[in-house]
Structures are given as structure tokens and as C-alpha cells.
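As C-alpha cells, the structure follows; a few thoughts come after it.
The values are calculated or read from the model by the stated rules, or taken from the named source; none is laboratory data. Because the structure is predicted, anything quoted here is derived from the model rather than measured. As a convention, Cβ positions derive from the backbone with ideal geometry for all residues, glycine included, and neighbour counts pool all protein chains shown.
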Amino acid sequence: MSLSLKISSIAESPTLGLNAKVKELASSGVDVTNFTVGEPDFDTPDNVKRAAIDAIKAGFTKYTPVSGIPELRKAIAAKLKAENGADYSPDQIIVSCGGKHSLYNAFQALCNPGDEVIIPAPYWVTYPEQVKMADAKPVFARTKERNGFRLLAKDIEEKLTKSTKAVVLNSPNNPTGAVYEKSELKKIASIAVDNDLYVISDEVYECLVFEGRNTSIASLGEDIKARTVIVNAASKTYSMTGWRIGWAAGPPDVVKAMSNLQSHMTSNPNSIAQKAYLAGLTGSQESVKRMAAEFRKRRDLVVKRLNGITGVCCARPQGAFYAFPNVTGCFRGSIRNSMEFSMNLLEKARVAVVPGVDFGAEGHVRISYACSMETIEKGMDRLEDFVRKF
């Protein structure tokens, strides 16, 4: 008896695995400062929770259309036009069971065996695994720290082959917090159009941009919009990680293929969560603004503290809620790489971070500041003491 070769090649999400280990330590009474989890520590807004309760009371607990309820897809289309400058009809939108599900649907709909998908590195750990699940090959375009980890058009050009099918964009970026500049996105759009490529644009952190605002590549003209699949979710914007609601907007044939696939996987996304997300989209956005302002304060504190530690250097993230410091200046003795740094930090200082090697960027670690200022201060004190004493 043996498992599928495809599934046997898929690795567990290291961020979720590390978070599970931290929770196990905490349940044993160990005081661990947890900087691993990519989950806002804010509560889901009250109007969103009320809408879910109202949906339950009204008996809205049955199947819905596979692609999501019409009023939610209409609200997403309105949001895309008003906030992103991209004009979509509701039938160009599919609601799924979280951002990961939306990405999975997109890769499955677009990729054939032998296709190549260009992924900027550092990358979110799920991208290469999902590309492999679609029988395609992930090809990594390595960004540079001196460029703020932003993907440049020339980085894509260097990786193009006759097998290239798509390019993944993630702005704001996980794990670096990088936000792509509009001028560079125009160059990337030209490459995609000229080479007949799809663009999968993961914009799940778009509400967390600390200077200026995020630009969606789909807003840069009809030619690039016709080959872009935008992926987004409720999880970060409304602190709805456990509700599992994500969505995608794209060309009609691609969205139809994604819907066909979803009909045989999950059927519709959660009915109650759809009503809750609808309330979030159409209600007051004050809670989103407050959350973004708080994350900016945390960003400033984390960057200041990290750059004050000998051997640590941290670029200033422009969005999301992650810092991605370079810790190679701390490598000595038994610490020779980011994994050994992270394990020693957890065992000796009780601070949990994610090693950069998991994101395709050795020499760095990811620190999530989706936690209180007090937790950040405690964790930075422990990190600084660890580096000084080791």
C-alpha cells in the first residue's frame, strides 16, 4: 500500500507547523513569545458577527450557488471598481473557502503538466506547493534586499522560457512586506501581454499598506486585466481567518473553469460566512482603518528594535504585518543558518520565528507583528538578550 506520489511530495506548511509547536509548548506552561502566525489579533468586527448570527436565525444554512451568493459577488465587484479601479461583472467573480482555496482553483484551472510558473522569492510557502499540485513547475525569481524585495520586470525576463505560463505577484508581500510600485507593475504587465502570460495577483494584504496605497495590476488596462486573476480574502481585512472566505476575479473562461472545479470539491463556500463577509464589505470600514493604523505603529516599533540589535538588519516593510530581518550577522558557533537560528531562539529564549529558508530566502527570519505592543517589546527584549549572550 502506498500514497499518491504527488501528495507525498507536498510538504506541510511550516508556518502552521511551527504555530502548532508553539501552542503545544504553551499548553505545557511554557511562556513563548509567538511571532510565527499570520493572523490578526483583532476581533472580527461586531457588524460582521451580527450578520452571521442573523443568518443563522433566519435559517440561511443551506447550499448556495457554487460561486457564491449573487449579492456578495455584486458587492465584491463594486469594491473592485471603487477601490481598485478594475471593472468586473459579478459573473467574473468566484467566492471560495479562503484565499488558499482561491489560489488552488486558479493554478488548477490554468496549469498543464510541463508549464512553468514564475514565483518571486522570498515567497509565501503555499505558492510552490500549489503549483506542483497542478503538475506545473515553480520557477523562482529572486528579488534583492537592496530593492526592498520588490520584483522587477527584468527579474521575470531572466526566467522566461517557452514553457512559462504564469507569473505570481503578491503585494503587499508575505513574508517581506514589500509593496510593488505602479511604474514597475506597468513593465511587468507589458511582459505578460507580450509573452501571452497569465498573472495571478495575490492582494490579500491590500488593506495594510502604510504609505500610499496598493495598485492592482488588473487596473492598468484591458489587455493585462484580460489575463489577470486577482485573489483576495476576508481573512486579513476583517480579521476573519477562521471563517474561510476568499475570492477571485478574472477572465470569464478562467472563472467558469474554477467554478466547475469547485463544484466537485467543496460545492459552495460557507453560507453563513458569506453573509458575514457581505456585511463587512458593505458596512463601515472604520475597524479596518483602526487596525491598519495600529499595525503601522507596530511596524515602526519592530523595525526600530530589530535594527538596534547587533548583527541584525531589517528593511522597512511597506505593508502586511511581517518583518523579514537579515540575521546572518548572528551566525556563529552552532548557528550556521536560519533554521538553526530559529530553533536556538525558541529553545533558549522562548521566541518563535519562522526561518527564512522556508520562504526561499536563507539568512533571514520572518517575524509577524500581529500581536500586542507589549508582546512585541517582550519578544524583542528576549531576542536582543539571546543575540548578545550567544
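Would you confirm whether any residue within region 93-105 is under 30 Å from residue 359 (Cα atoms), in contact with a Phe, Trp or Tyr (Cβ under 7 Å, 6 or more places away or on another chain) and not hydrophobic (A, V, I, L, M, F, W, C)? Let's see the steps before the verdict.
Pass one, region 93-105, residues under 30 Å from residue 359 (Cα atoms): 93-105.
In the following step, the residues that additionally are in contact with a Phe, Trp or Tyr (Cβ under 7 Å, 6 or more places away or on another chain) were identified as 93-96, 102.
Remaining after also requiring not hydrophobic (A, V, I, L, M, F, W, C): 96, 102.
Checking region 93-105: at least one residue is under 30 Å from residue 359 (Cα atoms), in contact with a Phe, Trp or Tyr (Cβ under 7 Å, 6 or more places away or on another chain) and not hydrophobic (A, V, I, L, M, F, W, C).
Taking the condition more than 21 Å from the chain's Cα centre (by Cα), surrounded by 13 or more Cβ atoms within 10 Å (Cβ to Cβ) and closer than 30 Å to residue 21 by Cα, does residue 49 pass? Break it down into steps so the answer makes sense when it comes.
Values: more than 21 Å from the chain's Cα centre (by Cα): yes; surrounded by 13 or more Cβ atoms within 10 Å (Cβ to Cβ): yes; closer than 30 Å to residue 21 by Cα: yes.
Considered against the rule, which asks whether it is more than 21 Å from the chain's Cα centre (by Cα), surrounded by 13 or more Cβ atoms within 10 Å (Cβ to Cβ) and closer than 30 Å to residue 21 by Cα, residue 49 comes out as yes.
Please find, among 239, 267, 263, the residue that is modelled with pLDDT of 95 or more, within 22 Å of the chain's Cα centre (by Cα), hydroxyl-bearing (Ser, Thr, Tyr) and in the same structural domain as residue 58 (by TED's automatic domain parsing). Show your work before the answer.
On the way: 267 fails: within 22 Å of the chain's Cα centre (by Cα); 263 fails: within 22 Å of the chain's Cα centre (by Cα).
Every option except 239 fails the conditions.
Out of the residues in region 143-158 meeting the condition of being in a loop (DSSP other than H, G, I, E, B) and surrounded by fewer than 16 Cβ atoms within 10 Å (Cβ to Cβ), tell me which one is farthest from the chain's Cα centre (by Cα).
Initial filter on region 143-158 (in a loop (DSSP other than H, G, I, E, B)): 143-144, 148-152, 158.
With the extra rule that they be surrounded by fewer than 16 Cβ atoms within 10 Å (Cβ to Cβ), the set shrinks to 144, 158.
Numbers: 144: 19, 158: 25 Å.
Within region 143-158, the match that is farthest from the chain's Cα centre (by Cα) is 158.
Can you say whether residue 294 is touching a helix residue (DSSP H, G or I) at 6+ places or on another chain (Cβ under 9 Å), among the acidic types (Asp, Glu) and at pLDDT 95 or above, as far as the supplied structure shows?
Working: touching a helix residue (DSSP H, G or I) at 6+ places or on another chain (Cβ under 9 Å): yes; among the acidic types (Asp, Glu): yes; at pLDDT 95 or above: yes.
Yes, satisfied.
Sort out which residues of region 76-92 are hydrophobic (A, V, I, L, M, F, W, C), closer than 15 Å to residue 279 by Cα and either assigned to a loop (DSSP other than H, G, I, E, B) or within 22 Å of the chain's Cα centre (by Cα) (or both), and write them in order of number. Please lay out each step first, then the result.
As a first pass, look at region 76-92 and keep what is hydrophobic (A, V, I, L, M, F, W, C): 76-78, 80, 82, 86.
Within this subset, residues satisfying the condition of being closer than 15 Å to residue 279 by Cα are 76-78.
Once the filter is applied, which keeps residues that are hydrophobic (A, V, I, L, M, F, W, C), closer than 15 Å to residue 279 by Cα and either assigned to a loop (DSSP other than H, G, I, E, B) or within 22 Å of the chain's Cα centre (by Cα) (or both), region 76-92 yields 76, 77.
Got at least one residue in region 122-140 being in a strand (DSSP E or B) and closer than 21 Å to residue 218 by Cβ? Steps first, answer last, please.
Keep residues of region 122-140 that are in a strand (DSSP E or B), which gives 137-140.
Cutting the leftovers down to closer than 21 Å to residue 218 by Cβ gives us none.
No, region 122-140 has no match at all.
Going residue by residue through region 320-337, is there one that turns out to be outside the structural domain of residue 247 (by TED's automatic domain parsing), of a type in the set (Lys, Arg) and at pLDDT 95 or above?
Within region 320-337, the subset outside the structural domain of residue 247 (by TED's automatic domain parsing) is 320-337.
Narrowing further to those that are of a type in the set (Lys, Arg): 332, 336.
Of the ones still in play, those that are also at pLDDT 95 or above are 336.
Yes, region 320-337 contains at least one residue that is outside the structural domain of residue 247 (by TED's automatic domain parsing), of a type in the set (Lys, Arg) and at pLDDT 95 or above.
Could you pull out the residue among 187, 162 that is farther than 21 Å from residue 72 by Cβ and assigned to a loop (DSSP other than H, G, I, E, B)?
Working: 187 fails: assigned to a loop (DSSP other than H, G, I, E, B).
Unique residue meeting the criteria: 162.
Output the residue which, of all residues in region 328-342 that are assigned to a helix (DSSP H, G or I) and of a type in the set (A, V, I, L, M, F, W, C), is nearest to residue 128 (Cα to Cα).
Step one: list which residues in region 328-342 are assigned to a helix (DSSP H, G or I), which gives 328-330, 338-342.
Checking which are of a type in the set (A, V, I, L, M, F, W, C) leaves us with 330, 339, 341.
Numbers: 330: 29, 339: 19, 341: 24 Å.
Filtering first and then ranking leaves 339.
Scan region 343-355 and tell me whether some residue there is assigned to a loop (DSSP other than H, G, I, E, B) and surrounded by 17 or more Cβ atoms within 10 Å (Cβ to Cβ). Don't jump to the end; show me each part of the working.
Going residue by residue through region 343-355, those that are assigned to a loop (DSSP other than H, G, I, E, B) are 350, 353.
Among the residues that remain, those that are also surrounded by 17 or more Cβ atoms within 10 Å (Cβ to Cβ) are: 350, 353.
Within region 343-355, one or more residues are assigned to a loop (DSSP other than H, G, I, E, B) and surrounded by 17 or more Cβ atoms within 10 Å (Cβ to Cβ).
Please state which one of 113, 45, 70 is farther than 27 Å from residue 351 by Cβ, touching a residue at least 60 places away in the same chain (Cβ under 8 Å) and of a type outside the set (A, V, I, L, M).
Numbers: 113 fails: touching a residue at least 60 places away in the same chain (Cβ under 8 Å); 70 fails: touching a residue at least 60 places away in the same chain (Cβ under 8 Å).
That would be 45, the only listed residue that is farther than 27 Å from residue 351 by Cβ, touching a residue at least 60 places away in the same chain (Cβ under 8 Å) and of a type outside the set (A, V, I, L, M).
Okay, residues lined up against (1) over 18 Å from residue 269 (Cβ atoms); (2) in contact with a Lys or Arg (Cβ under 6 Å, 6 or more places away or on another chain); (3) acidic (Asp, Glu); (4) assigned by TED's automatic domain parsing to the domain that holds residue 163:
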| position | (1), (2), (3), (4) |
| --- | --- |
| 72 | no, no, no, yes |
| 77 | no, no, no, yes |
| 83 | yes, no, yes, yes |
| 89 | yes, no, no, yes |
| 95 | no, no, no, yes |
| 100 | no, no, no, yes |
| 103 | no, no, no, yes |
| 109 | no, no, no, yes |
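Scan region 84-102 for residues that are out of contact with any Gly (no Cβ under 6 Å at 6 or more places or on another chain) and within 18 Å of residue 48 (Cβ to Cβ) and report the count.
So the count comes out to 1.
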